[in-house]
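For reference, the structure discussed in these notes is given below.
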Amino acid sequence: MAFHTPDSIKTDSPYPWITLYYDLPQYMLERGRKKKYGAYTILGWEGDPCPYCYFVVKGAVRYYISDKSGTVRTLGIVLPGAFLAEACILVTKTWMFTAETLTDSELYSFNYDELISLIETDPKFAVQLVKALSVKMIVALSWEKMAMECAEDRVKKLLPRLESPPFQGLLSYHFTHQDIADLVACHRVTVSKVMQKTR
């Protein structure tokens, strides 16, 4: 199956390039439901029931959280070949974030029983799922650790991740000082100060 990836997608995640991709054969995909979505379609709102997880075959889906003040934090972008909301459907049965398509997208949806069937059918898929969930746990912990540090330290730790993605050239990201400040919940002046020190 050919997957189509947008040229440039931006995310607020401290590890925006870490995504594990699945090699699902067509017969496994056909156990789910294929559907096309227009750009900026909400798949699920944070806190709402989550009856399905999704496998992206075309387009891109952003998932994010928001606080009481309305501040939005993009946790990541799901690109073709990756799953969305696996943990939601397996553990909480509710959306732990809001998911929205960024472009015209094509997804397969799977309910709980269908996902369990995929796990039981193919040990390789089960291992891939465990790895993907582990990566997402590491990302979540990195957010929590970063939130406990002082503002300047948070900026210093974030900058190398934004400047040197492990998959250099795959995706292009552009951040202003204000963008970086928003990622680590600090003032733009703090970011500028750190940038001057590291030049």
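All of the numbers you see were taken from the coordinates with simple rules; none came from a lab. Just so it is clear, the structure is predicted and the values come from calculations on it, not from any experiment. Using ideal geometry, Cβ is built from the backbone for each residue, glycine included, and neighbour counts are taken over all protein chains shown.
Things to note:
- Charge sum, other residues only, whose C-beta stays under 14 Å from Thr101's C-beta, Lys/Arg counted +1 and Asp/Glu -1: +1
- Measuring between their Cα centroids, the range 28-50 and the range 77-124 lie 8 Å from each other.
- For Ala60, residues with placed amide H under 5 Å, excluding near neighbours: Leu102, Thr103
- Anisotropy class of the range 26-148 from Cα gyration tensor, a/c 1.5 cut: oblate
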